[in-house]
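Report on the structure given below.
The values are calculated or read from the model by the stated rules, or taken from the named source; none is laboratory data. Everything numeric here is computed off the predicted structure, so don't read it as measured data. Here Cβ is always computed from backbone atoms with ideal geometry, including for glycine, and neighbour counts include all displayed protein chains. Surface areas here come from the heavy atoms of the whole protein model, side chains and all, with no ligands, DNA or RNA. Shrake-Rupley method; radii C 1.70, N 1.55, O 1.52, S 1.80 Å.
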Amino acid sequence: MGKMESFSYDNKIVKWFAYATIIWGLVGMLVGVWAAFQLVFPSLNFSTAEVSFGRIRPLHTNAVIFAFVGNGIFMGVYHSLQRLLKARMFSDALSKFHFWGWQAIILAAAITLPLGLTSSHEYAELEWPIDIAIALVWIAFGINMFGTILKRRENHLYVAIWFYIATWVTVTVLHVFNNLSIPYSLLHSIPVLAGVQDALVQWWYGHNAVAFFLTTPYLGLMYYYLPKASNRPIFSYKLSIIHFWALIFIYIWAGPHHLLYTSLPDWAQSLGTVFSIMLIAPSWGGMLNGLLTLRGAWDRVRQDPILKFMVVAVSAYGMSTLEGPLLSIKSINAISHYTDWTVAHVHIGTLGWNGMLTFGILYWLIPRIFNTKLHSMRWANIHFWVATLGILFYAIPLYWAGWTQSMMWKQFEPDGFLTYPNFLETVTQILPMYLLRAIGGTIYLVGAILMSVNLFKTMGKGNCEDNEVTEAPALTPHKKVKGEYWHKWIERRPVQMLMGATVVVLIGGLVEIFPMLIIDDNVPKIASVQPYTPLELEGRDLYIREGCVGCHSQMVRPFRSETERYGDYSKSGEFIYDRPFLWGSKRTGPDLHREGGKYTNSWHYYHMLEPESMSPGSIMPPYPWLIEDDLSTKYTSAKIKVLQSLNTPYPEGYADQAVADLEEQAREVADQLRAEGVEQENLEKKEIVALIAYLQRLGTDITPEPIVEQ
Amino acid sequence: MYKYILETAGNINWMALFSLFTFLTVFILAIVLVFRRSDDHLRHMASLPLDDDHSSPSDQTEKN
């Protein structure tokens, strides 16, 4: 044993991240509740563009994922890493840079998303300057973490740290690849990949954002805080090793299960399904390892709210990691996809797993770093029951809503017609469930408010020991024991562990993504598919700005119930000019891929102005600003130039002519609107004209073959 | 339903086989190595979270 060394733990950074976790948690949940109520009472957006559903939905998801859970991860990592390694963080300056940088990014997101500045990639909506800031802060976090690992006083790396390392590596890779884009202004960019390829990379990212931001770091936290809170070691350390390697290997492959029955090649869909099913094994291994840690301590679970939170969290992890693979089976996915079933599933994971584990950790951690006792155990107990009730009220109605709506979409009359041909009927049917969901979310939020008061009162009572002095023996060189084998060796070598985890994670990515990018046959070309006109392009960007993709898919699956309702199923070749792809993942409104030509221009005009005037009972919010605001053509030429550089076949020099073409097409659309009775001055200059041009173009490039009677 | 799942998996090509093979290799390797470790080492690793803190206040979980 080396000689004892005195040093201190940095509790100040842990305290800061704890504050941020609590505050952003409340903000993110509040925005979620607001969005949920807007689905029942659309007028709650107060006709304000910045807070309409399409814009605050990504604000909610970003806030809860990256602000609430993100800060929760950093709080737990900065606390547990120092103690597991018996070392202070590598650099206080990097810790501070990490903290303030991350909060600045969150603030930038909270400003830009309501302004409609979005890349439209789900969970990666932030625009390129913020993406670069994220990369810098993430690298600072990595240097700080690995620096600490390198100067550690403990020979071996506990399994929680492996999960932290895998998280860091994978998030780095995912973030870079999914945000490859070419800027055309300070706040706008066009993604490098288009259509099917963009979709595959996005859902490779999207799925792994769930895997490596919401799951692996939290598993690391579980492996540290569950033994701490229960005061007993993890049930099986062997199982935790198998859990780690199997999980990080398999997770990376499962992304395509988000794209079943879409235009993605079948081989990629099948891979996604197979690996998703395989995920059950390591996930449940981890869950059982967590629950069995409490073997012989269940009497304490009855009394200790911290353990209660953790038990529900681990159980929710088990439930959602069983449900996820089941939803990846094609025949089940055919029912669940695009419905609220997916939303309910996601919230079992986030409210149950991430939320409850964060609460448990906060209740355990705050009294310890503030050297006091929790202000009120009773309140914590009440919070536990309120949160559990909130989850049930949230999830059960949404499951019901998902099943109901899916069944209604697919129901046929004996004579072969859809029973509910009007999509709106399937929406109004589930509105009571939406209301219950919003109430469930509110109950959960009330619990979180109670926790915040409890924790801030606890902090007020105690005094945070910013630099907690401690001592540990210095690290001595490890003597190689005869017969020592590979894993024990790697547990002492963080750099090799980093490389091993990277290789394991990359295998999935390489095999799955590269063939899609390099083999042309994966996306068959369709001769009649042409690039968007400048006006349609601007309309498409308005569609992106308003977050229409949050409620409308653009992907008709090859089911009779869909082709009957929407038109011909979507082909991969139709999306080759779609940057970004806009397939969507949820149908709160109908699919729009075959929207072109279905309605008149004036129908769209009045529908955007006041949806209920065209579709009584609709929960789509009105978009009056599209009618009032002038269309900006400031960046039209720049967009054309970027698209040309990405091989979109506009004629040479077209960028100079684009605005003139745009104005001409706008006049044509405006003339049609006037002919249909719309009276408005300067109509051809308004945003609505561009949006209508885009909507009328959707899905019209390929004409379905006429059905000829035999 | 089984027939349906197998049908859809019918055109899995070499990529699927390669991935399954590599996964099995990693998985089996991990299991073999894990079960070759000494109990003492495993006990040491599992106890790391519990002996890292020298200044915890007394049990916080008692009822207020």
Return the distance in nm (one decimal) between the two label points of a simple spin-label model at A:Asp630 and A:Ser47, each offset 7 Å from Cα along Cα→Cβ.
-> 2.3
Averaged over peptide A:238-246, how many Cβ atoms belonging to another chain are found within 10 Å of each residue's Cβ?
-> 5
Given Cβ charges of +1 for Lys and Arg and -1 for Asp and Glu, the option among B:Val34, A:Pro580, A:Gly2 whose Cα lies farthest towards the positive end of the dipole of the protein assembly as shown is A:Gly2
Using every Cα-Cα pair within chain A, state what percent have a distance larger than 49 Å.
-> 17
Length-normalised contact order of chain A, Cα under 8 Å, at least 6 apart, in percent, tallies to 18
Using 0.36 nm per residue, how much length does the chain from A:Arg560 to A:Lys525 gain when fully extended, once their Cα-Cα distance is taken away?
-> 10.2 nm
If region A:79-158 were replaced by its equivalent ellipsoid, with semi-axes equal to the square roots of 5 times the Cα gyration tensor eigenvalues, what would those be, largest first, whole Å?
-> 32, 12, 10
Approximate spin-label separation A:Gln496-B:Ile31, in nm, with each point projected 7 Å along Cα-to-Cβ = 2.4
Averaged over the residues of A:459-469, the number of partner chain Cβ atoms within 10 Å of each residue's own Cβ comes to 1
Accessible area expressed per residue, region A:1-151, with surrounding protein chains retained (probe 1.4 Å, Å²) | 33
FRET efficiency, 1/(1 + (r/R0)^6) with R0 30 Å, evaluated for A:Ile280 and A:Ile335 via beta carbons | 0.95
Among the listed pairs A:Lys598/A:Lys641; A:Lys586/A:Lys641; A:Lys96/A:Lys373; A:Lys586/A:Lys634; A:Lys96/A:Lys151, those beyond 25 Å (Cα-Cα) = A:Lys598/A:Lys641; A:Lys586/A:Lys641; A:Lys96/A:Lys373; A:Lys586/A:Lys634
Computed magnitude of the charge dipole of chain A (debye, nearest 20; Cβ of K, R +1, Cβ of D, E -1) | 4760
Quick one: compute the contact order of region A:334-400, relative version, from alpha carbon pairs under 8 angstrom and 6+ residues apart, as a percent.
-> 60
With Cα atoms, 0 to 90° folded angle of helix A:195-209 axis to chain A main axis = 30
Taking r as the C-beta separation of A:Gln680 and A:Asn371 and R0 as 60 Å, the FRET efficiency to the nearest 0.05 is 0.35
Listed highest first by mean packing, meaning other Cβ atoms within 10 Å per residue, what order do A:610-623, A:169-182, A:222-235 come in?
-> A:222-235, A:169-182, A:610-623
Subtracting the Cα-Cα distance from 0.36 nm times the residue separation, let me have the gained length for A:Glu471 to A:Trp100 in nm, one decimal.
-> 130.6 nm
Positive-end residue, region A:1-136 charge dipole about Cα centroid, Cβ charges, pick of A:Leu30, A:Tyr19, A:Ala109 = A:Tyr19
If you count, for each residue, the other Cβ atoms within 10 Å and average over each peptide, how do A:364-371, A:321-328, A:256-263 line up from highest to lowest?
-> A:256-263, A:364-371, A:321-328
Taking the Cα-to-Cβ direction at A:Asn231 and at A:Glu413 and moving 7 Å from each Cα, how far apart do the two end points lie in nm?
-> 7.0
Give the angle, between 0 and 90 degrees and rounded to the nearest 10, that separates the Cα long axis of helix A:70-85 from the longest principal axis of the Cα atoms of chain A.
-> 20
